[in-house]
Every structure is written in structure tokens, then in C-alpha cells.
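Worksheet: one structure, shown below.
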Amino acid sequence: MARKSKRSDRVRVGIVGVGIGSVHAHAYSKLPNVEIAALCDIDTARAETLADRYGVKNIYSDYEAMFAEAKLDAVSVCTPNALHAPVAVAALNAGCHVLCEKPLSVNAIEGSKIVDAARKSSGKFMIGMNNRFRGDTQVLRKYIDDGQLGSVYYARCGWIRRNGIPGLGGWFTRKDMSGGGPLIDIGVHALDVTLYLMGNPKPTTVFGATYAKFGPYGKGQGQWGAPVRGGTFDVEDLACGQVLFENGATLALEASWAQHCAGERLYSEVYGDLGGATLEPLRVYTEVHGSPADISPSFPNVNGHEAEVAHFIDCIVHNKTPLATAEQALDVMKILDGLYLSARTGQSVRLA
Ligand SMILES: NC(=O)c1ccc[n+]([C@@H]2O[C@H](COP(=O)([O-])OP(=O)(O)OC[C@H]3O[C@@H](n4cnc5c(N)ncnc54)[C@H](O)[C@@H]3O)[C@@H](O)[C@H]2O)c1
């Protein structure tokens, strides 16, 4: 179905899945030109609680019914990963703009269904990579765009946790629902923000390894999500790997939900021939007049989720291309697929 024009003065938004969907709702509620018109969750009690908070009148348990009836302009897809493709494709086919939570899907085949639907749809598609919108990320990106690091040829990134398995036994730890463990859950954030800093070079080859040393023994549960007693854990709890790019650059990646480490850490480091830089903390390492110089840029304190949602609405209202596209998200999925395949086979994987 082709979407012709916006359906009212305000952008009418629907949210599918009200876990992180509640963060989207909060961000939408701050925008004067947005109306949260409907919520959808199979857990209707959870949806009703959120609806009460933001005065949302329409609650659905079936997203197809919501897309057919609620006259939406835009949809946030905040379901478990395995539902991202079916929900996002249905929303795009209904003529809605779509903001889809990370990861794009459970694998690149599913992800390409979203890319195809987005190409055919008049609606915009944006992947929810909130770390791109942080103040420190945006300031560092300006340094890089300005040529301060020269040509970036090496990067390291990761998100590691000491005890941080989300909802042990629930959908996060079931491969059929999540697509994998920390690599696809939080490693995807570190990978995406680092690729963004590198200018999204084309990945060509990956090599990876995965381990499960905590989850299978019921250890490592974190704060996010309720554990499910007797549930399934058939994903990794630590992954690491390397990615080679067409332009000759290399990236090293690690992601863990549980690991005997000092504590939680999300980091990204990029190194060029003229300078290097890190996120968390934001530092730029370079040379000034032949001497090593360390720069600690100041940056605005930006809530990445709120800035991401505001940008999505701005793209709709002013017909802009979203900062984080479906095609970039598909490249990320191909890297993740390749790392999982490499971990299974012990071989490096050439990406198509
Ligand atoms: N960007 C971030 O920082 C961030 C943080 C957390 C989660 N996420 C992503 O958000 C998504 C959801 O994660 P979560 O932590 O909110 O999970 P969650 O389990 O807390 O919430 C998911 C919700 O989806 C609902 N749901 C399941 N099937 C549904 C269906 N068919 N129709 C409608 N609703 C359905 C569930 O009932 C649940 O309320 C995941 O893809 C996750 O990777 C992103």
C-alpha cells in the first residue's frame, strides 16, 4: 500500500512491544508534533500501564489490526528480535515510517526482507542505534570528518559485562527468538558505533569465536529482564572476532554478558595515520608541532534514545534520510552472521 501524505497535523505513532518501547514512548511524549496514537503488546496489562502514563487511548494485542485501524504515520518496532522483520515489513507495507530497535533482525536473510520492503515503501526506515546520537559520538565524528585522525586503519570495540545476562532462560537467551547472545544484543551497539566512526567501510572477511561458560549453568543473570526458571540458554555468553574491510582497515570486537572482568565496559577506539581516538572516555591522541598531544573535547550531554527518536520524527516531517539506514544495518547483520558461522566452523568467512 502506498502512503500518500501525513494523516494529521501531528505525527501519529504506534509502538509494538512496550519494554524498551516505554523509552520510545517517553521520548515521543517530549515532542509537541507527535501523538502516541496506539500501543500494541501481547501482554495487554503491560501495555495498559504504559497507556495510562501517556494517555494513549488505543491498545492492541495484534499489530496487523493496529496497522489496519489506528491510522498511523509511524511505528516503533520494539519486540523480541525474531519479530523485527515480520512487524517492520507489515508496518512498511501498511505505508508507515518505521523506527526498528536493534538488531535489524535475527540474521541477514530476515534483515534483507526489511531492506526490500523499505525500498518498495514510501515510508522511511531507521534502525535504532542510539549510541550514534550521543554527544561524545557526534563530537568525535566531527573530528574524523574534519580529517583530524587522517585515514582510519584500525579499530577496537566492545561491550563486556561481569554479570549481565538479560532474562536468563527467556527470549534473549533463545537463539530462535534472539539470533544469538551478547554479540547480537550488545556487541551490535559497539560494532555499529565504531563502523559509523570509521565511515561505514564495506566488510569483506570475518573471523570469530564464541563461548558459553555461565548461562548454561544458570550463572551470570543481570538486571535487565526477568529470568525464566527452567528456560532455554542456547546462545553464547562471550564472543570475539575480527573484521577486515575493503579499504584495508581491520576491526577487533568483543562482547560478553558474563565474564570474570572488572565490570561493565562499553568502548570504541579508532586509530588513523594522523591521530587516534577513544569513546568512554572521549579522547583524541595526536601530534601538535611534533609533540604528542592528548585532547579531551567537551561534549553536550545528549540522551541517545531521545535524540534518536527526535531525529526519526525530524526525518519524517522534513523528508530527510535517517542517520542510521537499513542498508548499514544489513551490513552489520552480515558481519554478525559471518562471526557466528566462523565460530561454528573455525574458519574465516568471506562476506558476499
Ligand atoms: N537500544 C537499546 O538500548 C535497547 C535496549 C533494550 C532492548 N533493545 C531491543 O528492544 C527489543 C525489545 O527488547 P526489550 O528489552 O524491550 O524486551 P522485553 O521482553 O522487555 O519487551 C518485549 C515486549 O514485546 C512484547 N511482544 C512479544 N511478542 C509480541 C507480539 N507478537 N506483538 C506485540 N508485542 C509482542 C512482549 O510481550 C514484551 O512486552 C529487542 O530487539 C532488544 O534488542 C534495545
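If you average the sequence gap of Cα pairs under 8 Å that are 6 or more apart and divide by the length of the range 11-123, what percent do you get for the contact order? Walk me through the numbers on the way to the answer.
On the way: 209 pairs, mean separation 27.9, N = 113.
Value for the range 11-123: 25 percent.
Kindly rank 334-341, 55-62 from highest to lowest mean number of other beta carbons found within 10 Å of each residue. Could you put the intermediate results ahead of the total?
Working: 334-341: 23.4, 55-62: 14.6.
Result, highest mean Cβ count within 10 Å first: 334-341, 55-62.
Using Cα centres only, tell me the gap between the range 277-339 and the range 145-191 in whole Å.
The distance from the Cα centre of the range 277-339 to that of the range 145-191 comes to 15 Å.
Subtracting the Cα-Cα distance from 0.36 nm times the residue separation, let me have the gained length for ALA262 to TYR54 in nm, one decimal.
My answer for the length gained is 71.0 nm.
Please give, to one decimal in nm, the separation of the simple spin-label points placed at GLN138 and LYS120, each 7 Å out from Cα toward the Cβ.
Computed distance between label sites GLN138 and LYS120 equals 3.6 nm.
Once the dipole of the chain is set up with Lys and Arg at +1 and Asp and Glu at -1 on Cβ about the Cα centre, which of ALA329, GLY181, LEU50 lies farthest towards its positive end?
The residue sitting most towards the positive pole is LEU50.
Dipole size in debye (nearest 20) for the chain around its Cα centre, Lys and Arg Cβ +1, Asp and Glu Cβ -1? Can you show the working numbers first?
On the way: 35 positive and 36 negative charges, 92 e Å.
With only Lys, Arg, Asp and Glu charged at Cβ, the dipole is about 440 debye.
Whose amide H sits under 5 Å from the amide H of LYS124, counting only residues 5 or more places off or on another chain, with H placed in the peptide plane?
Amide H neighbours of LYS124: HIS97, VAL98.
Take the eigenvalues of the Cα gyration tensor for the chain, scale each by 5, and report the square roots as semi-axes in whole Å, largest first.
The answer is 33, 25, 19 Å, longest axis first.
Could you check what % of the DSSP bridge pairs in the chain are antiparallel, to the nearest 5? Working shown, then result.
Details: 39 of 67 bridges.
Close to 60 percent.
What is the magnitude of the charge dipole of the range 11-123 about its Cα centre, with +1 placed on the Cβ of each Lys and Arg, -1 on the Cβ of each Asp and Glu, and no other charges, expressed in debye to the nearest 20? Display every interim value, and only then the final one.
On the way: 10 positive and 12 negative charges, 69 e Å.
Roughly 320 debye, rounded to the nearest 20.
Which is farthest toward the positive dipole end of the range 11-123 among ALA94, ALA74, SER122, measuring Cα position about the Cα centre, with Cβ charges +1 (Lys, Arg) and -1 (Asp, Glu)?
Farthest towards the positive pole: SER122.
Once label points are set 7 Å from the Cα along Cα→Cβ at both GLU64 and ASP176, what is their separation, rounded to one decimal in nm?
In this crude label model, GLU64 to ASP176 measures out at 2.0 nm.
Is there a pair in LYS113/LYS334; LYS71/LYS124; LYS113/LYS202; LYS102/LYS334; LYS175/LYS213 whose C-alpha atoms are over 18 Å apart, and which pairs would that be?
LYS113/LYS202, as the Cα separations exceed 18 Å there.
Below 15 angstrom from the Cβ of GLY231, what's the summed charge of the other residues (Lys, Arg +1; Asp, Glu -1)? If you can, show how the numbers build up before the last one.
Numbers: positive: ARG174, LYS175, LYS219, ARG229; negative: ASP176, ASP234, ASP237.
Its environment carries a net charge of +1.
We did not get these values from a lab; they are worked out from the coordinates using the rules stated. In this text the structure is predicted, and so the values were computed from the model without any measurement. When we count neighbours, we look across all protein chains shown, and the Cβ atoms used for this are built from the backbone with ideal geometry, even at glycine.
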